[in-house]
């Protein structure tokens, strides 16, 4: 217990030095519940009650103070689909993809206008960044996006991310903004991710059904026992709830980024977290993968290849994967795409699936085992391979 207390004190203290922070604000935090007369109730909000401008003003005031002190802030926001549904006079948020995309197209400019109005009062400028998974999965697109974000931060602009719901599909969707916020934190080298929602912490049991449930202020490791606390399928905790948040924590921790889950309506929550106060649950960071390794690990695999045990062992020993070790090729991919290897690793393939089909199982001295220039064909070099258990 003493070690845990000491660990939390050290980790909380380190938050004071964080210079690049990603803040995710959920729908239930940013919106009024419909029919609440402007008050935020304890019940779930869904965006149809409208954005709470007063709350946004309070957040903007906090961000302005933090940015004056030298902190770089990136926001991930929800609420576009709900705002679009409200603008159309719908009684409920739509369930089908087509209607969701239509509502997102209507609601997104309304959402950004609310941010613009609140931020302008405190001298802040917001930049809209609508993204889908392929913006991160394609290396060139990712580097361009990262360069844009860096330019915005240099100019003291707040990048505001949201999933581009009006064009996203199942294949390229993040699925929820918790995971989007983790991708932003990981790929933009943030030191802290703050997830603000209507959940004030991770508990050792579901507090709605167990009055004795205790909140966990500090989680040093993301163990299987901790993941199990998120609840089972079909529970509020597992659908857009704690399960998605813990999946986000796992992504951010790989980047050496700490994560705090806290109630977004706690007064001055952001400032208090960054001052080192014990608010919400703090998940400590792992040792952290290098940026390129993180990109590979968190990118969506376009295809898959199956290799023999000797080739897999050689890859773990930091050797290149050669065509002779490849047993099978699945899916269609091009050079530079990320592929899954035996379900155990991800790699950037130096060969397209057609080239690999031609070369697989062949030694370098055989026809097809060498590159057109005469050199040895390589499927993936050590720097382009990340094992998923690392």
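May I ask for the angle, rounded to the nearest 10°, between helix 2-14 and the longest principal axis of the chain, with both axes built from Cα atoms and the value confined to 0 to 90°? Tilt relative to the chain: about 80 degrees.
Expressed as a whole percent, the proportion of Cα-Cα pairs in the chain lying more than 37 Å apart is 27%. Volume per residue for the stretch 98-143 equals 80 cubic angstrom (convex hull of Cα atoms). For the residues 92, 32, 300, a GNM of the chain with alpha-carbon springs under 10 Å puts the largest fluctuation on 92. Peptides 147-155, 319-327, 180-188 ranked from most to least packed by the mean count of surrounding Cβ atoms within 10 Å: 180-188, 319-327, 147-155. Only beta bridges with both residues in the chain are counted; by DSSP, about 40 percent of them are antiparallel. Computed from Cα positions, the angle between helix 53-68 and the longest principal axis of the chain comes to roughly 60 degrees. Subtracting the Cα-Cα distance from 0.36 nm times the residue separation, let me have the gained length for residue 121 to residue 335 in nm, one decimal. Value of the extension gain: 72.2 nm. Mind giving me the FRET efficiency for residue 363 and residue 275? R0 is 51 Å, r the Cβ-Cβ distance, nearest 0.05 is fine. For residue 363 and residue 275, the calculated efficiency is 0.25. Structural descriptor for the chain: relative contact order 14 percent, calculated from alpha carbon pairs under 8 angstrom and at least 6 residues apart.
Here the Kirkwood formula, the inverse mean of 1/r across different C-alpha pairs, assigns the stretch 301-387 a hydrodynamic radius of 12.4 Å. Short to long, the 10 Å bins of the Cα pair-distance histogram for the stretch 75-123 hold 28, 47, 20, 5 percent of all pairs. Calculated from DSSP H runs of 4 or more alone, at -39500 (n - 2.57) each and per residue, what is the 222 nm mean residue ellipticity of the chain, nearest 500? Result for the chain: -11000 deg cm²/dmol, rounded to the nearest 500.
All Cα-Cα separations within the stretch 118-217 were binned at 5 Å from zero, giving a P(r) of 2, 10, 16, 19, 17, 12, 10, 8, 5, 1, 0, each value a whole percent of the pairs. The slack in the chain from residue 227 to residue 17, taken as 0.36 nm per residue of separation less the alpha-carbon distance, amounts to 72.8 nm.
D by Stokes-Einstein for the stretch 198-352, Kirkwood Rh over Cα pairs, 25 °C, 0.890 mPa s: 135 µm²/s. Against the longest principal axis of the chain, how steep is helix 177-187, in degrees 0 to 90 to the nearest 10, with axes from Cα atoms? Between helix and principal axis, roughly 60 degrees. With the simple model of a label 7 Å out from the Cα in the direction of the Cβ, residue 389 to residue 146 spans 2.8 nm. Highest mobility in the GNM of the chain, judged by mean-square fluctuation with C-alpha springs under 10 Å and restricted to 201, 228, 190, is found for 228.
For the pair residue 354 and residue 204, the difference between a 0.36 nm per residue extended length and the Cα-Cα distance amounts to 49.0 nm.
Largest GNM mean-square fluctuation across 17, 344, 301, computed for the chain with C-alpha springs under 10 Å, falls on 344. Two decimals is fine: what is log10 I(q)/I(0) at q = 0.18, 0.29 Å⁻¹ for the stretch 278-329, from a Debye sum with one equal scatterer on every Cα and no solvent? For the stretch 278-329 at q = 0.18, 0.29 Å⁻¹, log10 I(q)/I(0) is -0.79, -1.10.
Throughout, read-outs are computed from the coordinates displayed, never taken from laboratory work. Owing to the predicted nature of the structure, the values given are computational and were not obtained by experimental measurement. So basically every Cβ, Gly included, is an ideal-geometry build from the backbone, and we count neighbours across all protein chains shown.
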